[in-house]
1. Once the Cα atoms of helix 241-269 and of the chain are each reduced to a long axis, what angle between those two axes, in degrees from 0 to 90 to the nearest 10, is obtained?
2. Which percent of Cα-Cα pairs in the stretch 36-175 sits in each 10 Å bin, short to long?
3. Tell me, what are the semi-axes, in whole angstrom and largest first, of the equivalent ellipsoid of the stretch 457-557 as set by the roots of 5 times the Cα gyration tensor eigenvalues?
4. Residues of the stretch 283-319 with amide nitrogen under 11 Å from the 7 Å Cα-to-Cβ point of Asn474?
5. Could you give the dipole magnitude of the chain about its Cα centre, charging the beta-carbon of Lys and Arg +1 and that of Asp and Glu -1, in debye to the nearest 20?
6. Using the alpha-carbon atoms, what tilt in degrees (0 to 90, nearest 10) does helix 317-341 show relative to the longest principal axis of the chain?
7. Using the number of other C-beta atoms within 10 angstrom as an exposure proxy, rank Ile163, Ile511 with the fewest first.
8. Cα-based Rg (one decimal) and Dmax (whole number) for the stretch 493-542, in Å?
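No lab work stands behind these numbers, since they all come straight from the coordinates. Bear in mind the structure is a predicted one, so any value in this text is a computation, not a measurement. Here the Cβ positions follow ideal geometry from the backbone for every residue, glycine too, while neighbour counts run over all protein chains shown.
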Amino acid sequence: MITKKTLQLSLKSLRDFAKKRLADEELIALDERDECPVEVVRYMSSPDKLGIQLLFIPEEYGGMGGSTFDVYLICEQMARIDLGIATSLFATFLGSDPITVGATPEQKKKWLGRIADEGILFAYGATEPEAGSDLGALRTTAERVEKDGRIVGYKINGNKQWISNGGIADAYTVLANTPAGPSWFIVDKGVAGFSQDKPENKHGIRLSNTAALAFSDVCVDADRLVGGVEGQGLLQAQAVFGYTRLMVAAFGLGAGWSALDRAIPYSTTRIQGGAPLSEKQGYTHKLIVPNVVRLEAARACIEEIAERIDAGEGSLNTEGAIAKYMATEAGNQAADASIQALGGYGYTHEYMVEKISRDVRITTIYEGTSEIMEMTIARDRWQSHLKTRGRHYHDEAKKFEALHASHPEVGADVAALACHALAEVMEKARIARLTRYQHVLLRLGELIAFAETAGIFARRAALFADNKANEKSNSRFDAQALAAMSRIFAREAALKVVEQGLRLVVGGSGITDAELPAFENSLGLPAVHRAQAGLISDMDYVADVVYGRAAKHAVAAA
Ligand SMILES: Cc1cc2nc3c(=O)[nH]c(=O)nc-3n(C[C@H](O)[C@H](O)[C@H](O)COP(=O)(O)OP(=O)(O)OC[C@H]3O[C@@H](n4cnc5c(N)ncnc54)[C@H](O)[C@@H]3O)c2cc1C
């Protein structure tokens, strides 16, 4: 187990290394040259240098056996430095996942041991030109090679597309169709028939190497089939989706904060209209505060889910999808708002926010697009709605009402309003069979993600209030600030659920004019509108916390 002290040392050495080796000028130059700094990636992966990958390798194979929570914090920190380099390091982690999950003890010892001891780089080869979101459509094949009636190896043929570390990895995990179904294979670089294309010229994460792979009669021994049993590939991939998506969520969080952490100090020195921008409410309450709130709401999700995975609750795929969706969308919005916050300067390379904005764009695409996340979330929670005969979100709401009774300051009552309304929208959608419209199903995914995040944020804010938060939790904000943010987020979520829910039901012709007033009533529309009271003063407070002016409130309150 990694102690808080060891973790903090790792985070500090990452920051120190970045300061020395990856200053802004260097990152801008590499980005402009579209160059992956392979020596930096190798330095960071080398066990006798930074050895970042040791954190995710289990102790029995020579790693440090970091928890999900530890790895989230490292991923966030890496994304704050550069999302391209973070992606490169993450590719080894992703590439080793099928091995961690499904390999035989000998395979684990060999390959995880090599990552730990030698710092070799891996790539994860799943996507194909014709198989992206729908991995089941993969065409790469692995044909059995038999001798004396025994399988002695496989012959791989096909193509992979958009593979991170594709041109620089030492070894690859490759998904291919065997006679018994999709299976993972470990393929060495340099083996006959295996070639890597030139790096893609990308919109962002230009410091990461992304390349297509081609396999033409590539022969591997039978011991390269992960787990030694064919047909387990998709199950092995799915077994870690909750975890890996949480890490991409941490990327969205880190990149979003890295943009805001440039916009916030900029706004304290930029004078317009006779005063710093940081003192203009029209600026802070549009460009800074809502993004701080959404990012911290996403962090609450990531931290709670990481703890649950570490507590052995399983792979939590739907929850991981919620965290990824919320954090990566929030990261994109924060980066975009940061460009606006810097005005013309934000639009130039020198100020970095435009690079961060291009970089973070990938997080809503790889490891499952936002639309696939919406579908995953909606399908799973739709089942919960059906199984409980519509009670699921009413029951969730009751938990938040109970939380409100003990912690009236964290916005749990408003999270409860969001959940009650969500239950009503889903029930109306069921009766009118609205999920036959894919648009409705995916929009429900969004509403579910917002309502659940509002509840999770309220729970986290209450934990901070009780001094019971994880000792490794990010402690940038105190309990009072988190409570204010949680209230702001809950108001946004509740309003979104009632307004968008109403729009979907009416827009999908799921209701008659005569039924509409009763439905509006069931959504708790007036209560959600009333719950917006206090919004501006909460935003004022969060702005004051962000700009270090919160003491003013304490004095005023006294
Ligand atoms: C820089 C980069 C690095 C990457 N690294 C890796 C890697 O290391 N390993 C790897 O295996 N892959 C990697 N990928 C691939 C990535 O995971 C895929 O690009 C992603 O899963 C989407 O697949 P696609 O590009 O084929 O898009 P598509 O699946 O074709 O999707 C296109 C659009 O259609 C939407 N869509 C898709 N299906 C549906 C549906 N059923 N209903 C409604 N909308 C839908 C999507 O949300 C998206 O908006 C990387 C990609 C990039 C760009």
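1. Roughly 60 degrees between the two axes.
2. 12, 37, 33, 15, 3, 0
3. Details: eigenvalues 257, 51, 22 Å².
Listed largest to smallest, the semi-axes of the stretch 457-557 are 36, 16, 10 Å.
4. 292-303
5. Values: 62 positive and 71 negative charges, 114 e Å.
With Lys and Arg at +1 and Asp and Glu at -1, about 540 debye.
6. Compared with the principal axis, the helix lies near 70 degrees.
7. In increasing order of surrounding Cβ atoms, one gets Ile511, Ile163.
8. So, for the stretch 493-542, Rg and Dmax equal 13.7, 43 Å respectively.
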